[in-house]
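Below is one structure, written out as structure tokens, with a few remarks after it.
No value in this document is a laboratory result; all are computed from the given coordinates. Computed from a predicted model, the values in this text were never measured in an experiment. Cβ atoms come from the backbone with ideal geometry, glycine included; neighbour counts cover every protein chain shown.
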Amino acid sequence: MNISTSVWLTLAVAVVAAVAAAVVGELVALGVRRLGRNHEILATLAQRGRRPLAGFMATLAAQWALKIYSQTADWQQPTFFALTLLTVAFGAWLAVVAANVVQDVLLLRYRIDVKDNRRQRQRRTQVQLVKRVAVALIIVVAVASMLLTIPGARGAGASVLASAGLLSVVAGLAAQTSLANIFAGLQIAFTDGIRVDDVVVVEEEWGNIEDITLTYVVVKLWDQRRLILPSTYFTTTPFANWTRNSSDIIGSVDFDVDWTVPFDEVRSHAEAFVKDHPLWNGQTYALQVTDARNSFVSFRVLVSADSGGELFDLRCAVREELVALLRREHPGALPKVRMDTPRAVHIPQQDGHRATRTVTG
């Protein structure tokens, strides 16, 4: 058998081994999916990790098959180099898939579409940030492993380590802001300052925390805009968190009316309306007279709901209902401005003459 024939035979064996390993990987994923019907994490991992597992096993099998060719050839080094890179890439892909699957399964356990979701929102925030850190570490390790397979990389690494002191100072100054945001993101995740879906007021804007990353936080505003702030903002700047201790939110509806308003009737009507409204969460309701000055009497209605959007709709509904009540049943209680009309007063004098002075009253 000549050299050319043995080379082609070796390559054919490597291809067959790679195909066989890929098929074995597909069968392993299929078996795990069937065995994990009652375990969601196994079923999801088998479904998403099917392709990277098949690729990882195929590249390993191809490398082992090519080692049977014991002679020296020009094609060996670049072929093994490419297969090594593919093996590392498929392994990193499989690890990233595993991290994403674990995150998805954990997020299903911590649902935020429940009445009191404060603890669930805290856990979701932590899980998402930990997953992002894990994926970043996997990618860094994979890229470093690929670079180490390049001939001469270790020698170059020694020269880099020799100047590590100067490089660390330069890198530290250049990445100071980025590192501060990364540490701030970790601090946010594990100190429970804010959580995903928290209702906050930042930069005089009302919104919900939509996403928390290692470097920035996305706030979804009430008008569907997104306010993107660096993580350090929430560790250095005061802000209002309306759902820090509980998920329900309290809001007020303010009115200015005339002094003749019948508060007993308005109070009973408002209470019945709020307690029958589907957006009220049953936590807070009150009607209070807050001020009485000049031509107006001010009162407010306090209500609570489970989210910022529901609270806004509930406040609008209460406002519309009470305005309609006053217009329909008590039009005299609508606000009006009172003004005193000037009148002339005659003041007798001792010499028999009378002086006239204009007064109000």
Problem set entry | region 249-333 - Kirkwood radius from inverse mean 1/r over Cα pairs (Å) | 13.0
Exercise. Can you sort 50, 300 so the residue with the fewest Cβ neighbours within 10 Å comes first?
Worked result: 300, 50
Seminar exercise, completed: For 79, 237, ascending order of other Cβ atoms within 10 Å (fewest first) is 237, 79
Exercise. If each of residue 288 and residue 313 carries a label point 7 Å out from its Cα toward its Cβ, how far apart are those two points in nm?
Worked result: 2.8
Exercise. Can you work out the FRET efficiency for the pair residue 256 and residue 203, with r the C-beta to C-beta distance and R0 = 30 Å, to the nearest 0.05?
Worked result: 0.55
For this session: Please order 195, 267 by the number of other Cβ within 10 Å, starting at the fewest.
Result: 267, 195
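Please give the peptides 304-312, 15-23 ranked by average Cβ packing (other Cβ atoms within 10 Å per residue), highest first, as a rough proxy for protection.
304-312, 15-23
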Problem set entry | FRET E, pair residue 265, residue 26, Förster distance 45 Å, beta-carbon r, rounded to 0.05 | 0.05
For this session: Report the label-to-label distance for residue 273 and residue 237 in nanometres (one decimal), using points 7 Å from each Cα along the Cα→Cβ vector.
Result: 3.8
Problem set entry | Using θ = phi - 60° and Karplus 6.51 cos²θ - 1.76 cosθ + 1.60, couplings along region 83-97 (whole Hz; Gly, Pro as x) | 5, 5, 4, 5, 4, 5, 5, 5, x, 5, 4, 5, 5, 5, 4
For this session: Using 0.36 nm per residue of separation minus the Cα-Cα distance, give me the extension gain between residue 187 and residue 108 in nm, one decimal.
Result: 26.0 nm
Exercise. Roughly how many nanometres apart are two label points built 7 Å out from the Cα toward the Cβ at residue 337 and residue 133?
Worked result: 6.1
